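*Asks:* I have a structure I would like to understand better, so I am pasting it below and will then ask my questions one at a time.
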């Protein structure tokens, strides 16, 4: 299959997934085109000062982070801590450390979004991520992510490397009213 045909196939898959998710009432928050699914537009990178709003909030201004929450990942397919509590409109910095020997990531989202995205990752494990609500951390490395939680509710963070989510690599974020 030539490169153009491959892109058309990927586009058809992306459209089919978006239609299926929209029909099921699941909001679509991930871009899946080509061999990577980097988010395009105003939320393309941390340096752009993204204002894209998601059900679980938006990219935070690092200068407005009121605290840092340490998140550890390991090869037992667990996050530490497994649950985080923040206040509505609070901006936090996540200091994400991979204490394992495998690649891990922290992706924030609703449970439905993470499940759908995880399923896509199983089918297309070579896809790359790049969005302000995702942190990809190599073995023994550290990354940070700043996020503002603009709505109260229950949200989640998960590792969507194929097999990790299914093995229980998920944490919960409880956002309490202001």
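Just so it is clear, none of the values below were taken in a lab; they were calculated from the coordinates. Note that the structure is a prediction, hence the values are computed from the model and not measured. Methodologically, a virtual Cβ is constructed for each residue, glycine included, from the backbone with ideal geometry; neighbour enumeration extends over all protein chains shown.
*Asks:* How big, in percent, is the set of alpha carbon pairs in the range 54-176 lying more than 24 Å apart?
*Replies:* Within the range 54-176, distances greater than 24 Å cover 19 percent of Cα pairs.
*Asks:* Determine, for 103, 120, the number of other Cβ atoms within 10 Å of each Cβ, and report the residues in order from fewest to most.
*Replies:* Ranking 103, 120 by Cβ neighbours within 10 Å, fewest first, gives 103, 120.
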